[in-house]
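First the structure, in the form of structure tokens, and then the observations on it.
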Amino acid sequence: MGEVTVPTKPCVFIQTNKKQLLGALVAAHALKRNSAHPDAFEVRLMHLEDHPFFFRKEGQIYLRDGLKRVWNNDDLQSFTPLRFMPPELMGYQGRAVVIDPDIFAVGDIWELITRDMRGQAIMCRNRGSRKVHATSVMLLDCAKLKHWHVETQFNEMFELKRDYIDWTGLGGEPEGSIGALENVWNDFDHLTPATKLLHNTKRKTQPWKTGLKVDFSPVDRVQYFPLWAWLMIARRKLFGDYGMLGHYQPHPDPNQERFFFGLLRECLDSGVITEAQLRDEMRQDHLRHDAIDVLKKTPLLHASPIAA
């Protein structure tokens, strides 16, 4: 990775890899589009391909939910450890927000960036348990996170000292350092007038993937569904990482599909994304093959993505 300049403003970081780059570009557009203060913050993409330490571990065994798994940089969500890199990129100072590339701003991200953190280092959504957190959206006070060193902590998974699930759920963070965000700041496939950040978290129904072959590894969920987990392990051994997983399905909420393609249309109209890029994404099976036709039928996006 080349020399990186430290942002001089609060920054929203979007982690991605080549498979989710299109989503990340649309997400960056939505952040600026829907903020009343678009010049007050930066948006930066963090690309897995810019970090050689990921590729040094390709095909090696790591620890995930108590099981030994094989690291695959080509997986749809291989970028996930980059969630913990913003403090380093900020020089351990100032504020940052980090989001996944399948999260799209409906509200104003400036409201999140500037909120009172009450002395906590991290704010994120709880995920069914006080000990498990949804780190796909985090507000970070970088000066309080000097113990985050992504390459070192990533390597510890391969030394079997650190579990991926525990790490990505913020296990081991100091007591009292994590505050709870309202669910609307990480709304899981739920779009209402209250939604601030829409997260298309159900990967099999991401609107821009419909009809493509599934190219992600399901969560094993050993603790909760042990029989299903072991069936998934057997499936991988017999048919490969993505064998027998079928195809991406249409999103059940037409408003969410309309919202994404409305944002994508704006990116295309403004030149942020070109038609040639879209066709290349389709060629690589990163974008549904009927995307151009869908865009032609997509109406202009108004202030609210909720259909009347």
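The values are calculated or read from the model by the stated rules, or taken from the named source; none is laboratory data. This structure is a prediction, so every number in the text was calculated from the model and none was measured. Cβ atoms come from the backbone with ideal geometry, glycine included; neighbour counts cover every protein chain shown.
Here are a few things to note about the model shown:
- Within the set Leu160, Leu139, Leu112, the sole residue that is hydrophobic (A, V, I, L, M, F, W, C) and at positive phi turns out to be Leu160.
- Matching residues, region 29-44, being touching a residue at least 40 places away in the same chain (Cβ under 8 Å) and either exposed (fewer than 14 other Cβ atoms within 10 Å of the Cβ) or outside any helix (DSSP H, G or I) (or both): Asn34, Ser35, Ala36, His37, Ala40, Phe41, Arg44
- With respect to being assigned to a loop (DSSP other than H, G, I, E, B) and closer than 24 Å to Thr205 by Cβ, Leu22 falls outside the description.
- Matching option when the condition is of a type in the set (D, E, K, R), modelled with pLDDT under 95 and surrounded by fewer than 16 Cβ atoms within 10 Å (Cβ to Cβ), among Glu3, Glu49: Glu3
- Region 167-207 - residue that is charged (D, E, K, R) and modelled with pLDDT under 95 and, of those, surrounded by the fewest Cβ atoms within 10 Å (Cβ to Cβ): Glu175
- If you go through region 122-160 and pick out every residue that is within 24 Å of Tyr62 (Cα to Cα), among the charged types (D, E, K, R) and in contact (Cβ under 8 Å) with a residue 60 or more places away in the chain, you end up with 1.
- Count - residues of region 138-153 that are more than 18 Å from Ala121 (Cβ to Cβ) and touching a His at 6+ places or on another chain (Cβ under 9 Å): 1
- Region 97-112, residues that are closer than 25 Å to Lys202 by Cα and either part of a strand (DSSP E or B) or of a type outside the set (A, V, I, L, M) (or both): Val97, Val98, Ile99, Asp100, Pro101, Asp102, Ile103, Phe104, Ala105, Gly107, Asp108
- Filter result for Asp75 (crowded, with 16+ Cβ neighbours inside 10 Å and in contact with a Gly (Cβ under 7 Å, 6 or more places away or on another chain)): no
- Arg56 being in the same structural domain as Val106 (by TED's automatic domain parsing) and under 17 Å from the mean Cα position of the chain (by Cα): no
- Answer from Arg125, Arg118 - the residue that is charged (D, E, K, R), surrounded by fewer than 20 Cβ atoms within 10 Å (Cβ to Cβ) and at pLDDT 95 or above: Arg118
- Of all residues in region 78-96, those being assigned to a loop (DSSP other than H, G, I, E, B) and out of contact with any helix residue (DSSP H, G or I) (no Cβ under 8 Å at 6 or more places or on another chain) number 0.
- Matching residues in region 6-20 - criterion: being surrounded by fewer than 20 Cβ atoms within 10 Å (Cβ to Cβ) and more than 21 Å from Gly91 (Cα to Cα): Lys18
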